[in-house]
Amino acid sequence: MKRKSSGGERSGPSQRQLRAAELVRHALVEILAREELRDPDLAGVSVTIGEVRASPDLKHMTAFVSALGPGDPSVIAAALSRCGGFLRGRLARMIDLRFTPELHFQPDVSYEEARHIDELLASPDVARDLERKRRRMSRRKKGEDVSGWVVLDKPEDMTSTHAVSAVRRAFNAQKAGHSGTLDPLASGILPIALGEATKTVPWLMEAQKTYLFTIKWGASTETQDREGKISAESDVRPGEAAIREALKGFIGEIAQIPPQYSAVKVEGERAYDLARSGEVVELEPRQVVVYEADLVGTEGDDLAHFRIRSGKGFYIRALVRDLAAKLGAEGHVWRLRRTAVGPFTEENAVTLGALEDLRHKGAASERLKPVETALADIPALAINGEDAFKLKQGRPIQLLPHVVEQLKPNFKPRTIAGQDASRAAVALFEGKAVALGDVRAGQFKPTRVFHIANE
């Protein structure tokens with residue numbers, strides 16, 4: 001992926017540097033909060049990172065550190081530098097940048113003016129009370145420990161992020177996430193994972209999806225949908241026969257260039273953020289799969305209705321762009337609705353309004369589906385209580401030969417989050433998910449263990 005300069009000289013750090021630096025700062029703060037560093041100079045010291053500055057090529061990041069309470073920033077910076085390799089390794093797992101930057105630490109002198117406050121707080125009694133409160137707060141999590149899937153029927157004019165927040169509030173859940181962005185323009189199925197179900201999100205992201213959408217002929221827009229500014233116009237109105245013939249070329253495995261306004265990441269930044277700031281982004285083609293593509297009907301000369309069943313990473317707006325070009329026409333997405341994501345369909349979906357009503361009645365859990373629902377297409381392994389105990393400790397379990405033979409016919413080539421999952425299975429105890437793992441050499445080795453409290 002390449003980015004073209006939009007022209008003009010910049011003073012100070014670029015938006016790209018600022019975004020990358022803030023991404024690294026948040027990740028470092030999270031790592032330090034886990035208290036995994038064993039350097040003696042960091043023992044009992046609460047470290048804060050006031051700022052991170054990125055080099056223009058993003059290969060170096062300088063973090064300015066200080067102590068909340070007693071602690072010499074120079075000593076802290078030196079200790080963190082000694083832990084640089086460990087921190088860089090953790091950082092590589094948490095952030096999505098083209099490469100993991102080299103880390104440098106310097107004392108934050110901006111806090112020197114407030115040191116007299118630290119001295120007031122340094123008395124043994126106050127320091128002990130503050131430490132107790134800090135430990136209690138670090139252990140305390142906001143919300144309820146609830147896990148499962150909510151099949152939301154997202155309304156139009158709402159972002160996927162806002163939808164996740166609304167569902168999280170409805171359940172007062174500690175953690176929530178979704179399995180794939182649905183544009184604000186679109187309505188329909190947005191599966192939302194709560195708690196331990198977030199561990200199964202990568203599996204649902206690989207699932208097939210079904211869409212109903214409408215193309216309006218006559219104009220293309222910058223965003224390829226009705227919300228964007230018109231970028232080109234044409235009097236061409238394709239007929240049904242021509243549309244059906246052109247559509248055949250988009251079935252199967254095809255190369256598709258994502259829209260400029262998409263959630264694709266470019267050097268850690270979303271393409272739509274770059275497009276909105278006026279930067280031109282060259283996105284590389286991606287291999288995607290279309291299983292079905294049908295013209296459902298037309299509405300006058302201007303509107304054509306379609307149904308698509310596709311795999312991961314497919315963009316309806318990109319299809320509309322390319323189909324219009326193939327027909328020598330201009331067009332954009334007028335309406336878009338997702339009707340299915342893997343096992344989740346309109347039949348088991350709930351609207352935000354209905355979910356809010358259930359919440360007031362104390363019955364929101366009625367719309368909460370089990371964690372293992374998203375794993376319906378992978379082999380299931382029934383286990384006993386003893387094996388469930390071992391798996392919850394992260395230990396592998398032995399499988400009898402006939403059990404392995406029963407599982408083998410259900411294995412199939414698949415890649416999940418970039419990892420081989422061709423021998424994956426889900427272990428169930430009394431019908432509930434205990435762990436995801438791989439079946440190899442007569443063992444089931446857990447890769448994801450579920451700790452579900454609301455069963």
log10 I(q)/I(0) for the stretch 334-401, Debye formula on C-alpha points only (no solvent), q = 0.21, 0.25, 0.28 Å⁻¹, two decimals, reads -0.98, -1.14, -1.27
Report, by chain and number, residues whose modeled amide H sits under 5 Å from the one on residue 339, excluding near sequence neighbours (fewer than 5 apart, same chain).
-> 189, 210, 211, 212
Take the Cα atoms of the stretch 318-455, find their three principal axes, and give me the spread along each one in whole Å, biggest first.
-> 61, 47, 22
Distant-in-sequence amide H partners of residue 226 (H built 1.01 Å from N, under 5 Å) | 333
Proximal charge balance of residue 397 [Cβ under 13 Å; K/R count +1, D/E count -1] = +2
Residues 273, 96, 387, sorted so that the one with the fewest Cβ neighbours within 10 Å comes first = 96, 273, 387
Provide, in order from the shortest bin, the percent of all Cα-Cα pairs of the stretch 177-275 in each 10 Å bin, continuing until the bin that contains the maximum pair distance.
-> 11, 31, 39, 15, 4, 0
Residue 257: net charge of surrounding residues, Cβ under 10 Å, Lys/Arg +1, Asp/Glu -1, itself excluded?
-> -1
Rg(Cα) / (2.2 N^0.38 Å) computed for the stretch 151-226, rounded to two decimals = 1.26
Positive-end extreme of charge dipole, the chain - chosen from 198, 278, 318 (charges on Cβ) = 198
Using Cα centres only, tell me the gap between the stretch 318-338 and the stretch 412-442 in whole Å.
-> 38
Could you run the Karplus curve 6.51 cos²θ - 1.76 cosθ + 1.60 with θ = phi - 60° over the stretch 323-332 and give me ³J(HN,Hα) per residue in whole Hz, x for Gly and Pro?
-> 5, 4, 5, 5, 8, x, 10, 10, x, 8
When each pair of different Cα atoms in the chain is counted once in the 1/r mean, what is the Kirkwood radius in angstroms, to one decimal?
-> 25.6
Residue-count net charge about residue 366 - beta-carbon cut-off 14 Å; Lys, Arg +1, Asp, Glu -1 | +2
Hey, fewest Cβ within 10 Å first, where do 91, 352 land in order?
-> 352, 91
C-alpha center-to-center spacing [the stretch 248-285, the stretch 71-104] in angstrom = 31
Unit charges on C-beta of K, R, D, E only; dipole of the chain, Debye | 1000
Which pairs, out of 412/445; 142/392; 209/432; 392/432, put more than 20 Å between their alpha-carbon atoms?
-> 142/392; 209/432
D (µm²/s, integer) via Stokes-Einstein for the stretch 209-341, Kirkwood Rh across alpha-carbon pairs, 10 °C, 1.306 mPa s: value 105
Hey, for a label at residue 295 modelled as a point 7 Å past Cα toward Cβ, could you say which residues of the stretch 304-339 have their backbone N under 18 Å away?
-> 304-309, 319-335
Based solely on its DSSP helices, what 222 nm [θ] is calculated for the chain when runs of n ≥ 4 H residues each add -39,500 (n - 2.57) and the sum is averaged over all residues, nearest 500 deg cm²/dmol?
-> -8500 deg cm²/dmol
Distant-in-sequence amide H partners of residue 221 (H built 1.01 Å from N, under 5 Å) = 231
Would you kindly calculate the mean projected area, averaged across all directions, of the convex hull enclosing the Cα atoms of the stretch 378-449, in square nanometres?
-> 4.5
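Rule-based calculations on the coordinates, nothing more; no lab input. Quick caveat: nothing in here was measured; it's all calculated off a predicted structure. No Cβ is skipped: glycine too gets one built from the backbone with ideal geometry, and neighbour counts run over all protein chains shown.
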